[in-house]
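For reference, the structure discussed in these notes is given below.
The values are calculated or read from the model by the stated rules, or taken from the named source; none is laboratory data. Because the structure is a prediction, the values reported are computed rather than measured. Neighbour counts are summed over all protein chains in view; Cβ atoms, including those assigned to glycine, are modelled from backbone coordinates with ideal geometry.
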Ligand code: 5GP
């Protein structure tokens, strides 16, 4: 029994490919932040980040803190409205700390732009960005992405934290719905 219809979902990035890339990102981040004073706090952008953040945090060999920000994105639609709203704030101040924002995907870049401007007002020691996916073809505002998993084509992707009508976040890989109808079993 499988909760999704594998004939309707094309695999774009397998669980193994994702794991290998995250291990490499973790090694790079560990090297870059080792010995820095102030402490590292990784800030996940809910909700799509949760799986990437869980794996990335375990790939970083440093005594980091974890916090989350909530933002509204598409709602039920698959197009960015361009209006970003914060739905959940950090639980602790980040002044003097090194902040690493952890995003599932940078699409138009509007969400990240808003978050980076917001975080800058809180006087962190530094702010960098780790994103699992980036769709360069969709960019409306440019942002620095310091640690990128994969550049992908302009397709609506699902799984590994990313939703399809609020479901399928628990797929262990990144895929595309090629079937048309909802690709899960009732
Ligand atoms: P942006 O503000 O960069 O346009 O969009 C960022 C947010 O939109 C992401 O954090 C994600 O929640 C959502 N998003 C963008 N592209 C996709 C996609 O291909 N699939 C899914 N499921 N969500 C996406």
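Annotations for the structure displayed:
- Every condition in (1) more than 11 Å from the ligand (Cβ to nearest atom); (2) buried (at least 21 other Cβ atoms within 10 Å of the Cβ) holds for residue 127 except the one numbered (2).
- Selected residue (criterion: nearest to the chain's Cα centre (by Cα)) from residues of segment 33-72 that are assigned to a loop (DSSP other than H, G, I, E, B) and within 16 Å of the ligand (Cβ to nearest atom): 49
- Residue within segment 105-118 that is surrounded by fewer than 15 Cβ atoms within 10 Å (Cβ to Cβ) and within 12 Å of the ligand (Cβ to nearest atom) present: no
- Test for residue 145: is it more than 10 Å from the ligand (Cβ to nearest atom), over 18 Å from residue 51 (Cα atoms) and at pLDDT 90 or above: yes
- Among the numbered conditions (1) closer than 30 Å to residue 182 by Cβ; (2) without any contact (Cβ under 8 Å) to a residue 24 or more places away in the chain; (3) part of a helix (DSSP H, G or I), the only one that residue 18 does not meet is (2).
- In segment 172-186, the residues that are within 11 Å of the ligand (Cβ to nearest atom) and either closer than 16 Å to residue 109 by Cβ or at pLDDT 95 or above (or both): 174, 175, 176
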